[in-house]
Amino acid sequence: FIKINKPTQQYAAVFEKMVNTEVPDDYTITVYVNGTSWTYLYDLNVALVPAHIWGNESLLNQYEGWEKWDPSKVPHPTKKGLTCLIGTGPFVFADRKPGEYILLRWYPNYWKRHPSKTISLEYSVSATSLYEGEPLQVTIKVKDYTGNPLANATVNIALTKDGSVVKSVAASPAGDGTYTASIDTSGMSGDVGISIKASASIAGSTFEKAATASVSVKPAWQKYLPYIAVGAIAVVAVIVAALYAARKRKAKASEEAAGGQQPSAQ
C-alpha cells in the first residue's frame with residue numbers, strides 16, 4: 001500500500017528497500033529489507049491497515065481516493081454498524097460535529113471485553129423423566145449483560161442421542177425475553193441430551209450463549225405398568241375366588257353324599 005501510494009511521510013522512503021513480505025499465520029508478518037539499519041525496526045513498525053478498506057480500489061474511487069475521503073463517514077464494507085475509521089479499543093466512532101463533540105459507542109467485539117458482558121440464558125424443562133411420545137416443554141429466558149430481557153433473540157433447541165442430533169426446533173417468543181418450545185419425543189428412548197443455543201444482536205454485534213441439560217425417555221408401554229399390575233391382581237383374585245368356590249362346592253357335595261349313605265337305625 002505504502003509503496004504504491006507513496007505517502008509523503010519520511011518513514012515511507014524505507015519501504016522502497018522492502019523486497020518481500022510473508023504472512024506465515026494470522027498473527028505474524030515477516031518483512032525482508034535490502035539493507036541494514038537499526039532505523040528499519042522503527043520505520044517499518046507502522047500501524048497495519050486493513051486491505052479490505054484501504055486497499056479496496058472501488059471504495060477509494062467512490063469516495064475520491066484515500067487522501068480525500070473521510071473514513072468516519074463511510075460505512076464499513078463488511079461490518080454492519082461500523083465505519084471505515086480503523087483502530088482498536090472498547091469503543092468505536094459513531095458520530096462527530098467539528099468543534100462540538102465526538103460520539104463513541106461501546107464495541108462489544110473488542111478482544112479485551114469483560115467476559116461477563118454478554119447475554120445470559122436461564123432455562124427450565126417440564127420434566128427430567130417422561131414417557132416416549134410425551135411432549136417435552138422447554139422455557140428459556142434471555143437477558144443482556146445489564147439484566148434487561150432480550151426480545152430479539154434467536155433460540156434453538158436440539159435433542160441429541162449418543163452425540164448426534166435427533167431433533168431440532170426453534171423456540172417461539174412468549175414476550176419479556178421468554179422463549180418456549182414443545183418437543184415431541186416420539187421414537188426416542190434412554191438418556192437424551194438437550195442442547196440450548198441463544199443468539200442476540202446488541203450494538204451491531206452478535207452474542208451467543210449455550211446451555212445443556214438431559215432428560216430420560218422411558219418406553220411408552222411402561223406407562224401402562226400400573227394398570228397391567230392392577231389387572232393382573234384382579235385376574236388372580238378372580239381365579240383364587242373361583243378355585244375357592246369350586247373347592248367349597250366340592251366339599252359340600254362330598255358331605256351330602258356321605259350323609260345319604262349312612263345306615264338307618266334298627
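Any read-out appearing in this document is the output of simple, stated calculations on the displayed coordinates, not a laboratory observation. Treat the numbers as computed from the prediction; the structure is a model and nothing was measured. In this analysis, Cβ positions are derived from the backbone assuming ideal geometry, glycine residues included, and neighbour counts consider all displayed protein chains.
The H on the amide N of Ala171, modeled in the peptide plane, is under 5 Å from the matching H of Val155, Asn156, Ile157, each at least 5 residues off or on a different chain.
A cut-off of 5 Å between modelled amide H atoms, ignoring neighbours fewer than 5 places along the same chain, links Ala94 with Leu103, Leu104, Arg105. Here the Karplus curve 6.51 cos²θ - 1.76 cosθ + 1.60, taken at θ = phi - 60°, turns the phi angles of the stretch 68-83 into couplings of 10, 6, 9, x, 6, 10, 9, x, 4, x, 10, 9, 5, x, 9, 10 Hz, with x standing for Gly and Pro. Please report how far the C-alpha centroid of the stretch 125-183 lies from that of the stretch 88-102, rounded to the nearest whole angstrom. Taking the Cα centre of the stretch 88-102 as reference, the centre of the stretch 125-183 is 40 Å away.
Note on the stretch 131-179: Kirkwood hydrodynamic radius from all Cα pairs is 12.4 Å, rounded to one decimal. Per-residue Karplus couplings for the stretch 84-90, computed as 6.51 cos²θ - 1.76 cosθ + 1.60 with θ equal to phi - 60°, are listed in order as 7, 6, 8, x, 8, x, x Hz, Gly and Pro entered as x. Karplus-derived 3J(HN,Hα) values for the stretch 125-139, using 6.51 cos²θ - 1.76 cosθ + 1.60 with θ = phi - 60°, are 10, 5, 7, 9, 8, 8, 9, 3, x, 6, x, 9, 9, 10, 10 Hz; glycine and proline are entered as x.
Packing around the peptides 82-93, 190-201, 24-35, taken as the average count of other Cβ atoms within 10 Å per residue, puts them in this order, highest first: 190-201, 82-93, 24-35. All distinct Cα pairs of the stretch 120-221 go into the 1/r average, and the inverse of that average, the Kirkwood radius, is 14.0 Å.
Counting Lys and Arg as +1 and Asp and Glu as -1, what is the net charge of the other residues whose Cβ lies under 12 Å from the Cβ of Asp144? List each step's numbers first, then the result.
Working: positive: Lys117, Lys141, Lys143, Lys209; negative: none.
Once all neighbours under 12 Å are counted, the net charge is +4.
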